[in-house]
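Engineer: For reference, the structure I am asking about is given below.
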Amino acid sequence: MKGLNIENIVEKSEEVANLLKLLSHPLRLRIVCFLAEEAKTVGELESLCDCSQSQMSQYLKALEKENILTKTRDGKYVYYELSSPQIKSLMKSMYKIFCS
């Protein structure tokens, strides 16, 4: 393939592989997909994903630990959002390819 930056591929391959491992679970993938457009509360994510509060908490903690998500508190609500524009772009691309 013409124009590939081999050094970049070698340098980033582990980082990207770890991201894809995190997204390999259907519920974690759904969470990240739902956050591609805008921040959401834990309650909103629970409803969208049809899962318990304890499940959601566990998955959000794992995604936050790996710097996929960030959270902000607004009064009694905690909002989660994707941590980088690259992840947002990836999720929007996946949505176009697989869900449109």
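Any read-out appearing in this document is the output of simple, stated calculations on the displayed coordinates, not a laboratory observation. This is a predicted model, so every value here is computed, not measured. Note that each Cβ is placed from the backbone with ideal geometry, even for glycine, and that neighbours are counted across all protein chains shown.
Engineer: Say each of Gln86 and Asn18 gets a label point 7 Å from the Cα, pointing the same way as Cα to Cβ; how far apart are those two points in nm?
Structural biologist: 1.1 nm
Engineer: What number, rounded to the nearest 500 deg cm²/dmol, is the helix-based mean residue ellipticity at 222 nm of the chain, given -39500 (n - 2.57) per DSSP H run of at least four residues and division by all its residues?
Structural biologist: Result for the chain, helices only: -19000 deg cm²/dmol.
Engineer: Under 16 Å from the 7 Å Cα→Cβ point of Asp74, by amide nitrogen: which residues of segment 31-47?
Structural biologist: 35-45
Engineer: Additional query: Across segment 43-50, in residue order, what do the Karplus-derived ³J(HN,Hα) couplings come to in whole Hz, using 6.51 cos²θ - 1.76 cosθ + 1.60 with θ = phi - 60° and x for Gly and Pro?
Structural biologist: x, 4, 5, 4, 5, 5, 8, 6
Engineer: Fewest first, what order do Lys2, Lys40, Lys76, Lys71 take by the number of other Cβ atoms within 10 Å?
Structural biologist: Lys2, Lys76, Lys71, Lys40
Engineer: In Å, what Kirkwood hydrodynamic radius results for the chain from the alpha-carbon pair distances?
Structural biologist: 14.6 Å
Engineer: Could you work out which residue, out of Val32, Val78, Val16, moves most in a Gaussian network model of the chain, that is, has the largest mean-square fluctuation with Cα springs under 10 Å?
Structural biologist: Val16
Engineer: Using the basic label-point model (7 angstrom from Cα toward the beta carbon), what is the Asn8 to Ser57 distance in nanometres?
Structural biologist: The two pseudo-label positions are separated by 4.2 nm.
Engineer: Measure nothing but the geometry: give the 0 to 90° angle between the long axis through the Cα atoms of 53-65 and the longest principal axis through the Cα atoms of the chain, rounded to 10°.
Structural biologist: Tilt relative to the chain: about 40 degrees.
Engineer: Sequence gap at least 6, Cα distance under 8 Å: using those rules, report the relative contact order of segment 6-98 to the nearest whole percent. Write down the numbers at each step before the final one.
Structural biologist: Values: 78 pairs, mean separation 26.2, N = 93.
Contact order relative to length: 28 percent.
Engineer: Size of the dipole of the chain about the Cα centre, Lys and Arg at +1 and Asp and Glu at -1 on the beta carbon, nothing else charged, in debye to 20?
Structural biologist: It comes to approximately 100 debye.
Engineer: Compare the Cα positions of Cys49, Ser83, Leu19 along the charge dipole of segment 6-98 (+1 at Cβ of Lys, Arg; -1 at Cβ of Asp, Glu; about the Cα centre) and return the one farthest towards the positive end.
Structural biologist: Positive-end residue among those listed: Cys49.
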